[in-house]
Amino acid sequence: MAFSPETVKKAFARSGGRCECDRKAHTWHSLRCPKILTEAQRGTEWEAHHKISVDAGGTDTFDNCEILCMRCHNAIPK
Ligand SMILES: [Zn+2]
Ligand SMILES: [Zn+2]
């Protein structure tokens, strides 16, 4: 399962070029993560993350797509 390019593009536009993470467990940011991202950096600086994992029944929809910087993405348990 993977997000379509259109879904990722829309989610990236929603993000405003910034990591969308607001997890309180991440001590390197309070409230929303300040990491600035550009669209071309996917795979190196950020990834499209399933808010609800596919294993838990999450789908490849826009609402379930979260733009996360690699630091935040890697810190979230699979
Ligand atoms: Zn982040
Ligand atoms: Zn985070």
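All of the numbers you see were taken from the coordinates with simple rules; none came from a lab. Computed from a predicted model, the values in this text were never measured in an experiment. Ideal geometry is used to build each Cβ from the backbone, glycine not excepted, and the neighbour counts take in all protein chains shown.
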Seminar exercise, completed: Computed from the beta carbon distance with a Förster radius of 25 Å, FRET efficiency for ARG32 and ALA2 to the nearest 0.05 stands at 0.50
Exercise. For the residue pair GLU39 and ASP22, what label-to-label distance in nm results when each label sits 7 Å from Cα along the Cα-to-beta-carbon direction?
Worked result: 2.5
Exercise. What are the aspartates and glutamates whose alpha-carbon lies under 17 Å from the alpha-carbon of LYS35, with same-chain residues fewer than 8 places away excluded?
Worked result: GLU20, ASP22, GLU45, GLU47, GLU66
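Per residue, what volume in Å³ does the convex hull of the Cα atoms of region 5-75 enclose? Please list the in-between numbers first.
Numbers: hull volume 6.4 nm³, N = 71.
In region 5-75, the Cα hull volume divided by residue count equals 90 Å³.
Which trypsin sites (Lys or Arg not before Pro) in region 1-72 sit in a loop by DSSP (not H, G, I, E or B) and have at most 14 other Cβ atoms within 10 Å of their own Cβ? Don't skip to the end; give the middle numbers.
Numbers: sites: LYS9, LYS10, ARG14, ARG18, ARG23, LYS24, ARG32, LYS35, ARG42, LYS51, ARG71; in loops: ARG23, LYS24, ARG32, LYS35, LYS51.
For trypsin sites (Lys or Arg not before Pro) across region 1-72 that sit outside H, G, I, E and B with at most 14 neighbouring Cβ atoms in 10 Å, the list reads ARG23, LYS24, ARG32, LYS51.
Where in the chain are there GluC sites (Glu not before Pro) that are in a DSSP coil and have at most 14 other Cβ atoms within 10 angstrom of their Cβ?
Working: sites: GLU6, GLU20, GLU39, GLU45, GLU47, GLU66; in loops: GLU20, GLU45.
Answer in residue order: no site qualifies.
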